[in-house]
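One structure below.
Please treat every number below as a calculation from the coordinates, not as lab data. A quick note: this is a predicted structure, and the numbers were derived from the prediction, not measured. Neighbour counts run over all protein chains shown; Cβ positions are idealised from the backbone, glycine included.
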Amino acid sequence: MEATVAERGQITLPKAVRDALGLTKGTILKVELEGGRIILRKSVDDAVSRARGRFRLDGFETTDAAVDALRGRGRPGAGDDT
């Protein structure tokens, strides 16, 4: 596969590469130089930062307490192991 460097230094990654790595608009790639090679890595931090904030405890002391409340057991902040 090949990619051409455009006038402003941009390249387009082949669709097969984007699909294989799950790259979508806004995905952050880390750029590294290794000898005479350019290494692009999908940023793990990117996925973590997007997920962060989706799973909050919202008043629960532990995830177990939150799960128990969702299942109808316990109360917020109880933290019991029943």
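Yes/no matrix, rows are residues, columns are (1) surrounded by 10 or more Cβ atoms within 10 Å (Cβ to Cβ); (2) within 12 Å of the chain's Cα centre (by Cα); (3) part of a loop (DSSP other than H, G, I, E, B); (4) aromatic (Phe, Trp, Tyr):
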position	(1), (2), (3), (4)
Met1	no, no, yes, no
Val5	no, no, yes, no
Gln10	no, no, yes, no
Val17	yes, no, no, no
Leu23	yes, yes, yes, no
Thr27	yes, yes, yes, no
Val31	no, no, no, no
Ile39	yes, no, no, no
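Selection of the stretch 17-28 for residues being touching a residue at least 12 places away in the same chain (Cβ under 8 Å) and out of contact with any Lys or Arg (no Cβ under 6 Å at 6 or more places or on another chain) yields Val17, Gly22, Leu23, Thr27, Ile28.
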